[in-house]
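Peer 1: One structure, as structure tokens, below. Some questions next.
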Amino acid sequence: MKRYRLVVAPIVHEQIREQVLFIAQHSIENALAWEDRLEQAIKGLTSVTGDAIDEEASDRLGFTLHRLVFGSSYLIHYTIDEPAGVVRVVNFRHGKGKSCPAALPQLK
């Protein structure tokens, strides 16, 4: 299985931090545990097979965009640059929230 280098967009770090702070309002322990699980899920993208293509987003954006469902309600969007051996995490959001398309063109 091929291993990829992981690049996480700065906006994704901000999106995750916002969610951790939101969860921490109710429980700091839950927020930190959730963040640890999310970090492991993102690190797991270094050995992805590229199966989970977000067809609608890919068609609209003009390049292949993959997604990973985290928990039951969060989406992690990422691209795979095979020649460079890089997985780029370009967006993170709650399934009911809005995406952050501004991050996508920069990391295409």
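The values are calculated or read from the model by the stated rules, or taken from the named source; none is laboratory data. Being a predicted model, the structure only gives us computed values, none of them experimental. Here the Cβ positions follow ideal geometry from the backbone for every residue, glycine too, while neighbour counts run over all protein chains shown.
Peer 1: Need pairs with beta-carbon distance below 9 Å; first residue among the hydroxyl-bearing types (Ser, Thr, Tyr) and within the stretch 60-71, second surrounded by fewer than 16 Cβ atoms within 10 Å (Cβ to Cβ) and assigned to a loop (DSSP other than H, G, I, E, B); sequence gap 6+ or separate chains.
Peer 2: The qualifying pairs are Thr64/Gly50.
Peer 1: Can you pull out every residue in the stretch 80-96 that is in contact with a strand residue (DSSP E or B) (Cβ under 9 Å, 6 or more places away or on another chain), at pLDDT below 90 and outside any strand (DSSP E or B)?
Peer 2: Passing the criteria: only Gly95.
Peer 1: How many of the residues in the stretch 13-30 are acidic (Asp, Glu) and more than 18 Å from the chain's Cα centre (by Cα)?
Peer 2: 1
Peer 1: Consider only pairs whose beta carbons are under 7 Å apart and that are at least six residues apart or on different chains; among these, list those whose first residue lies in the stretch 83-95 and is within 16 Å of Gly71 (Cα to Cα) and whose second residue is outside any loop (DSSP other than H, G, I, E, B) and among the polar types (S, T, N, Q).
Peer 2: If the second residue must be outside any loop (DSSP other than H, G, I, E, B) and among the polar types (S, T, N, Q), the pairs left are Phe92/Gln15; Arg93/Gln15.
Peer 1: For the stretch 36-71, which positions are within 14 Å of the chain's Cα centre (by Cα), polar (S, T, N, Q) and more than 19 Å from Lys2 (Cβ to Cβ)?
Peer 2: Gln40
Peer 1: Looking at (1) in a loop (DSSP other than H, G, I, E, B); (2) surrounded by 11 or more Cβ atoms within 10 Å (Cβ to Cβ); (3) in contact (Cβ under 8 Å) with a residue 40 or more places away in the chain, find the lone condition where Met1 falls short.
Peer 2: (2)
Peer 1: Whether any residue in the stretch 6-15 is small (Gly, Ala, Ser) and either assigned to a helix (DSSP H, G or I) or without any contact (Cβ under 8 Å) to a residue 60 or more places away in the chain (or both) is what I want to check.
Peer 2: no
Peer 1: Quick one: count up the residues across the stretch 22-35 that are assigned to a helix (DSSP H, G or I), out of contact with any helix residue (DSSP H, G or I) (no Cβ under 7 Å at 6 or more places or on another chain) and more than 19 Å from Leu75 (Cβ to Cβ). Show your work before the answer.
Peer 2: Taking the stretch 22-35 as the starting set, the residues that turn out to be assigned to a helix (DSSP H, G or I) are 22-24, 28-35.
Adding the requirement that they be out of contact with any helix residue (DSSP H, G or I) (no Cβ under 7 Å at 6 or more places or on another chain) leaves 22, 28-29, 32-33.
Okay, now just the ones that are also more than 19 Å from Leu75 (Cβ to Cβ), so 28-29, 32-33.
Residues meeting the conditions: 4.
Peer 1: In the stretch 47-64, how many are part of a helix (DSSP H, G or I) and either at pLDDT 95 or above or surrounded by 15 or more Cβ atoms within 10 Å (Cβ to Cβ) (or both)?
Peer 2: Residues flagged as part of a helix (DSSP H, G or I) and either at pLDDT 95 or above or surrounded by 15 or more Cβ atoms within 10 Å (Cβ to Cβ) (or both) within the stretch 47-64 amount to 3.
Peer 1: Looking at (1) within 16 Å of Ala9 (Cα to Cα); (2) surrounded by fewer than 16 Cβ atoms within 10 Å (Cβ to Cβ); (3) modelled with pLDDT of 90 or more, find the lone condition where His77 falls short.
Peer 2: (2)
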